[in-house]
Amino acid sequence: MEVHTRTVHVLGVTANPTDAWVTQQARNLLPILGEDAGRSRCLIRDRDAKFTDAFDAVLASETIQVLLTPVRAPRANAYIERWIGGCRRELLDHTLIINERHPRNVLATYETHFNTHCPHRTAPCDHFPNQ
């Protein structure tokens, strides 16, 4: 999630993520950010063992600093924790997932809805011209 715009990027879905898969998702993120990759100063991540030095190196190649959340501190990354909670409550609790392709489609639709719905965003939008 880009905190300054509240834009979410769902990079992939897999039942069994590995360190190599996670590193590839970091590589996939850089073209999505495009020009904004140079303006992104840091990425906040947890301490999961799947985030290896290779993952950090991919981001460091774009001068993005990797910050680790403190141990057992879910509020340290509150923006994405709130998005994950909302995704679970609003979407996954009401959807029966039938195969691995299905959550990709469902999450892509939710991502589009979240990123285009204006009230949660900090950036000005067309609906509120005085912001």
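Look through the range 97-119, keep the residues that are of a type in the set (Val, Ile, Thr) and part of a helix (DSSP H, G or I), and return whichever of them is nearest to the chain's Cα centre (by Cα). Filtering the range 97-119 for residues that are of a type in the set (Val, Ile, Thr) and part of a helix (DSSP H, G or I), the one nearest to the chain's Cα centre (by Cα) comes out as THR112. What do you reckon, is ASN105 surrounded by 12 or more Cβ atoms within 10 Å (Cβ to Cβ) and not acidic (Asp, Glu)? No; evaluated as a whole, the condition is false for this residue. THR23 meets the conditions (1) buried (at least 16 other Cβ atoms within 10 Å of the Cβ); (2) touching a Ser or Thr at 6+ places or on another chain (Cβ under 8 Å); (3) over 25 Å from THR112 (Cα atoms) in every case but one. The failed one is (3). Quick one: in the range 2-37, of everything that is over 19 Å from TRP83 (Cβ atoms) and hydrophobic (A, V, I, L, M, F, W, C), which residue is nearest to the chain's Cα centre (by Cα)? Of everything passing the filter in the range 2-37, LEU30 is nearest to the chain's Cα centre (by Cα).
Of the candidates VAL58, VAL13, the single residue that is crowded, with 16+ Cβ neighbours inside 10 Å, in contact with a helix residue (DSSP H, G or I) (Cβ under 6 Å, 6 or more places away or on another chain) and without any contact (Cβ under 8 Å) to a residue 40 or more places away in the chain is VAL58.
Laboratory data are not the source of any read-out in this text; all were calculated from the coordinates shown. What you see is a predicted model; the values in this text were computed from it and never measured. Cβ atoms come from the backbone with ideal geometry, glycine included; neighbour counts cover every protein chain shown.
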